[in-house]
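Trainee: Below you'll find the structure I mean.
The values are calculated or read from the model by the stated rules, or taken from the named source; none is laboratory data. All values derive from a computational prediction rather than experimental measurement. Glycine gets a Cβ as well: all are built from the backbone with ideal geometry, and neighbour counts include every protein chain shown. Note: areas computed on protein heavy atoms with side chains; ligands, DNA, RNA excluded. Shrake-Rupley method; radii C 1.70, N 1.55, O 1.52, S 1.80 Å.
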Amino acid sequence: QMQLVESGGGLVQPGGSLRLSCAASGSIFSINTMAWFRQAPGKQRELVALVTSGRSTNYADSVKGRFTISLDNAKNTWYLQMNSLGPEDTAVYYCHAYARTKDDAGFRNYWGPGTQVTVSG
C-alpha cells in the first residue's frame, strides 16, 4: 500500500500565498502522475494541477499563472505553490497519485485525506 499525506493548508487573506506538500510513503514501485484536486462546498471535485514523472505539467484554467506544481522525486513529494489566492480558491485540497506499489497488479488511484484551504479576511 501507499499512503499520501498533505500538509500546508490553512487560513490566508486574499492575495496571499500558501504552499501545499504531499508526501508519498509505503511500498512504492512507480508513480506515473501526481496531482492536486480540490473540492469546494456543494461542488464536484476538480483537477487543479498535475505533473507527470517526466515533469510535464497541466493546470486548470482558473489557476494558470497563479499556482505551480513541482516535484521532488528523491523524496516522493510534490508541492503546490499557490499565489494570489482569492475566496474562490477556498476548498479542501486533495493530493492524488496514479501509481503502482509492489503489491499492486497494476497502476491505480491513490488519494490523501485532504487539507483545508480557506481564503478570507
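Trainee: Could you list, in sequence order, the residues of region 24-41 that are hydrophobic (A, V, I, L, M, F, W, C) and open to solvent by 60 Å² or more (accessible area, probe 1.4 Å)? Steps first, answer last, please.
Mentor: Narrowing region 24-41 to residues hydrophobic (A, V, I, L, M, F, W, C): 24, 28-29, 31, 34-37, 40.
Correct list: F29 only.
Trainee: Something else about it: Tell me the residue from Q44, Q116, Q81 that is open to solvent by 80 Å² or more (accessible area, probe 1.4 Å), modelled with pLDDT of 95 or more, in contact with a strand residue (DSSP E or B) (Cβ under 6 Å, 6 or more places away or on another chain) and among the polar types (S, T, N, Q), please.
Mentor: Unique residue meeting the criteria: Q116.
Trainee: Just one of G16, G65, G9 is of a type in the set (G, A, S) and open to solvent by 70 Å² or more (accessible area, probe 1.4 Å); which is it?
Mentor: G65
Trainee: If you don't mind, there's one more thing I want to ask. Name the pairs whose Cβ atoms lie under 9 Å apart, with the first residue in region 73-101 and more than 18 Å from T52 (Cβ to Cβ), the second in a helix (DSSP H, G or I) and among the small types (G, A, S), and 6 or more positions between them or separate chains?
Mentor: Every condition considered, the pairs that remain are E88/S62; D89/S62.
Trainee: Kindly provide the set of residues from region 84-99 that are buried (at least 19 other Cβ atoms within 10 Å of the Cβ) and either more than 18 Å from I69 (Cα to Cα) or at pLDDT 95 or above (or both), ordered by number.
Mentor: Matches in region 84-99: L85, D89, A91, Y93, Y94, C95, H96, A97.
Trainee: Could you please let me know if S21 is open to solvent by less than 40 Å² (accessible area, probe 1.4 Å) and closer than 15 Å to G114 by Cβ?
Mentor: For S21, the condition - open to solvent by less than 40 Å² (accessible area, probe 1.4 Å) and closer than 15 Å to G114 by Cβ - is met.
Trainee: Next up: Kindly list the number of the only condition in (1) more than 14 Å from E6 (Cβ to Cβ); (2) touching a strand residue (DSSP E or B) at 6+ places or on another chain (Cβ under 6 Å); (3) of a type outside the set (F, W, Y) that fails for G54.
Mentor: (2)
Trainee: Which count do you get for residues in region 33-69 that are of a type in the set (D, E) and more than 12 Å from the chain's Cα centre (by Cα)?
Mentor: Qualifying residue count, region 33-69: 1.
Trainee: In region 102-113, which residues are free of Cβ contacts under 8 Å to residues at least 60 places away in the same chain and outside any loop (DSSP other than H, G, I, E, B)?
Mentor: Residues satisfying the conditions are R108, N109.
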